[in-house]
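Structure, as structure tokens:
Any read-out appearing in this document is the output of simple, stated calculations on the displayed coordinates, not a laboratory observation. This one's a predicted model, so the numbers in the text were calculated from it and none came from an experiment. Glycine also receives a Cβ, built like all others from the backbone with ideal geometry; neighbour counts cover every protein chain displayed.
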Amino acid sequence: MIYYLTKLLISASLIVAVSEIAKRSSLLGGLLASLPLVSLLAMIWLYVDTGSSDQVIALSRSIFWLVLPSLPLFLLLPALLKKGLAFYPALLISVIAMLALYYLMLAGLRRLGIEF
């Protein structure tokens with residue numbers, strides 16, 4: 001139970017740190033958020049929990065392919081906000097677009113014979 005709570009505390013602290021740092025500096029907040037800290041923590045937790053390098057390999061490959069369709073969110077959201085769209089509708093549109101790109105990426109990867 002202590003191990004689970006430690007994982008939860010570290011993971012939640014990362015999210016809080018990004019939001020607090022971003023209040024003071026969008027550059028530093030963006031730098032921290034852009035680091036693959038969540039992915040690294042997930043790989044560490046997975047390895048500690050399972051001892052399986054194969055599961056870490058599979059997770060790492062999945063992260064690589066699934067990061068790509070998430071990147072346009074970071075271009076579309078600010079573009080919609082600059083056009084004057086309110087935050088929540090802009091966020092919703094950006095997330096829907098990202099989900100559509102996830103679907104297209106997964107369909108494309110399946111056609112190429114890459115399975116998860």
Problem set entry | Approximate spin-label separation S62-L8, in nm, with each point projected 7 Å along Cα-to-Cβ | 2.2 nm
Exercise. What dipole magnitude, in Debye to the nearest 20, does the chain give about its Cα centre under +1 on Lys/Arg Cβ and -1 on Asp/Glu Cβ?
Worked result: 400 debye
Problem set entry | Farthest positive-ward along the chain dipole, Cα basis, beta-carbon charges - from L9, S39, V95 | V95
Problem set entry | Dipole of the chain, positive end: most advanced residue of G30, V67, L109 [Cβ charges, Cα centre] | G30
Exercise. For the chain, what relative contact order do you get, as a whole percent, if you take Cα pairs closer than 8 Å and at least 6 residues apart?
Worked result: 17 percent
Problem set entry | Label-point separation, S53 to I15 (7 Å along Cα→Cβ), nm | 3.3 nm
For this session: Compute the distance in nm between two label points, each set 7 Å from the Cα along the Cα-to-Cβ direction, one at L41 and one at A100.
Result: 3.2 nm
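So what is the calculated 222 nm ellipticity per residue for the chain, using -39500 (n - 2.57) for each DSSP H run with n of 4 or more, over all residues, to the nearest 500 deg cm²/dmol?
Details: 6 runs with 96 residues, N = 116.
After summing the helix terms and dividing by the residues of the chain, the value is -27500 deg cm²/dmol.
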Exercise. Within straight cross-link reach of K7, meaning Cα distance under 12 Å, which aspartates and glutamates are found once same-chain residues fewer than 8 apart are removed?
Worked result: D49
